[in-house]
Amino acid sequence: MTLNGESMLLMHGRIFDGTGDEEIPDGAIWIEGDEIRRVGPVDQFDDVDQNVPRIDLGGRFVMPGMTEAHSHLSYFNASSLQDLDMNCTAETTTISAVLNARTMLRCGYTSSHSFGSLHAVDVAVRNAINSGMVPGPRYVACGRDVLGTGGMIDWNPDHLQLGMDGLAMLADNPWEVRKAIRSIRKSGADTVKVYLDGEGMIESDLPGELSYTQEEASAAADEGHRRNLRIISHARSADAVIMAMKAGFDVIGHANYLNDEALERMREERHRIFVTPAIHWQVGLYSNGAEWGFTHQALDSMGYKDEIAETINSVAKMKAAGIRVLPGGDFGLAWTPHGSYAKDLQNFVELFGYTPRETLLAATRDAGALVDFGGKVGTLEAGKFADIVVVDGDPLSDITVLQDLDKIVTVIQGGKIFHNALDSGPRFDLSAKPGLKASVERQFEAAAG
Ligand SMILES: [Zn+2]
């Protein structure tokens, strides 16, 4: 008998299954292997073999593992964009990314969708997670960022002779764009990020200043799709969103400023596309940026105050249009440190006017549809992966409870207990054990007899 990865029964949980249905007040989840076999009221499980280990959840809230939809595991809480690329080797970046992956899983995010990677770190980390070498979320790995000369992250003046080759692949004209994407395909990434416009803190490419032509953007989407890559964009302005939609991009990052045409194009394709505003970038800058020189005065002058106000308007319109807007907060800079991912859920409630229930559905069901993984993540239903989080508190009345690690009492991924602080059930905690997951599991199974 093993408590980890074969069969177990979670009993007496208040189950939020992520489908949109009402909670099951006293429910159970039967896990077999890496999948859920059955979910329902606890009295429907009398037929389960008595040898199957039971974990009593004591009425606690149970929900699907969440998906971080705009993540950067390879960013290491750097305090400047330049530090990200030029002051850290690929090797050190990789070690941080491994630790960040473990942190993200511990926070209840069992899946993650990358929005850009240094070097080929995402691919290495994804492969290590998939092979069981290190714990982490199921990961959609991104390649290096693709952009034109002078695009957002190519701001260093030429006379400095500084490249950003760890993060950026400069590609001008449709054929160079296609070549960059072919190279990313070869590297093993799942997705490609393309910069279509800029950023308030980058004077050489501001939001609304398009750094690609339609021809280049369309070439990117065409080449990516023929090579089975998802195409995602940095697009803050309405013009950039329109360019992405015309080209056929799959995920729109930011979409802060919209006009009627941008909104209508997204609405028409709402069943295909996703939007990640990543508003915690701006919120984090205002809360924490002063320490790194980003005072409120400086941020206001860079247009970020207006950008937040505009984004609130834009998200309200997207929500009303039925467009899937997903939490995911650009975590990995000094002002948006890893581990604080659930703050973006609070932004959805307090800034965007989502109810906690709508926010949780966006972070589970909808973001699960983004990462896909064979349609097996995002809800607690028979046949889905057993990616499950137990919360000591009620996120439907207070979404901030998900920011408190002491309240994230159990994290199960693919039927394996990654963390469990409940008195009932195994107390073994993979999250506290660096090193090879496989060897840790062997120790656990020996201890469990
Ligand atoms: Zn980002």
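Restricting Thr103, Thr93, Thr89 to residues that are away from the ligand (no atom under 16 Å from the Cβ) and under 19 Å from the mean Cα position of the chain (by Cα) narrows the list to Thr103.
Count of the stretch 317-346 residues, restricted to those that are in a helix (DSSP H, G or I), farther than 18 Å from Arg236 by Cβ, of a type in the set (A, V, I, L, M) and over 15 Å from the mean Cα position of the chain (by Cα), is 1.
Within the stretch 244-262, residues that are over 18 Å from Val146 (Cα atoms) and within 15 Å of the ligand (Cβ to nearest atom) sit with their Cβ atoms under 7 Å from residues that are basic (Lys, Arg) and in a loop (DSSP other than H, G, I, E, B), at 6+ positions apart or across chains, in these pairs: Asn256/Arg236. The numbered conditions (1) assigned by TED's automatic domain parsing to the domain that holds Ser233; (2) aliphatic (A, V, I, L, M); (3) surrounded by fewer than 20 Cβ atoms within 10 Å (Cβ to Cβ) are all true for Val42 except (1). Just name the residue that is farthest from Ile312 (Cα to Cα) out of those in the stretch 341-359 that are buried (at least 24 other Cβ atoms within 10 Å of the Cβ) and not hydroxyl-bearing (Ser, Thr, Tyr). Filtering first and then ranking leaves Ala342.
Of the strands (runs of 3 or more DSSP E) that lie entirely inside the stretch 18-75, those containing 1 or more residues that are within 16 Å of the ligand (Cβ to nearest atom) and in contact with an Asp or Glu (Cβ under 9 Å, 6 or more places away or on another chain) span 66-71.
Yes or no: Ala367 closer than 22 Å to Val391 by Cβ, in contact with a strand residue (DSSP E or B) (Cβ under 7 Å, 6 or more places away or on another chain), surrounded by 22 or more Cβ atoms within 10 Å (Cβ to Cβ) and free of Cβ contacts under 8 Å to residues at least 40 places away in the same chain? Against the criterion (closer than 22 Å to Val391 by Cβ, in contact with a strand residue (DSSP E or B) (Cβ under 7 Å, 6 or more places away or on another chain), surrounded by 22 or more Cβ atoms within 10 Å (Cβ to Cβ) and free of Cβ contacts under 8 Å to residues at least 40 places away in the same chain), Ala367 does not qualify. The sole residue among Gly108, Gly132, Gly116 that is assigned by TED's automatic domain parsing to the domain that holds Pro277, on the phi > 0 side of the Ramachandran plot and either within 14 Å of the ligand (Cβ to nearest atom) or among the hydroxyl-bearing types (Ser, Thr, Tyr) (or both) is Gly116.
Of everything in the stretch 67-123 that is surrounded by 24 or more Cβ atoms within 10 Å (Cβ to Cβ) and of a type in the set (Asp, Glu), the residue that is farthest from Met133 (Cα to Cα) is Glu68. When the stretch 279-330 is filtered for residues that are closer than 27 Å to Gly378 by Cα, more than 16 Å from the ligand (Cβ to nearest atom) and polar (S, T, N, Q), only Ser314 remains. All of (1) over 29 Å from Met8 (Cα atoms); (2) assigned to a helix (DSSP H, G or I) hold for Asn100 with one exception: (1). Listed here are the helices (runs of 4 or more DSSP H) enclosed by the stretch 197-316 that have at least 1 residues being closer than 23 Å to Ala363 by Cβ: 238-247, 260-268, 280-288. Residues in the stretch 1-32 that are at pLDDT below 95 and under 27 Å from the mean Cα position of the chain (by Cα): Asn4, Gly5.
The values are calculated or read from the model by the stated rules, or taken from the named source; none is laboratory data. Remember, predicted model here, so these are calculated numbers, not experimental data. Note: ideal-geometry Cβ built from the backbone for every residue, glycine included; neighbour counts use all protein chains shown.
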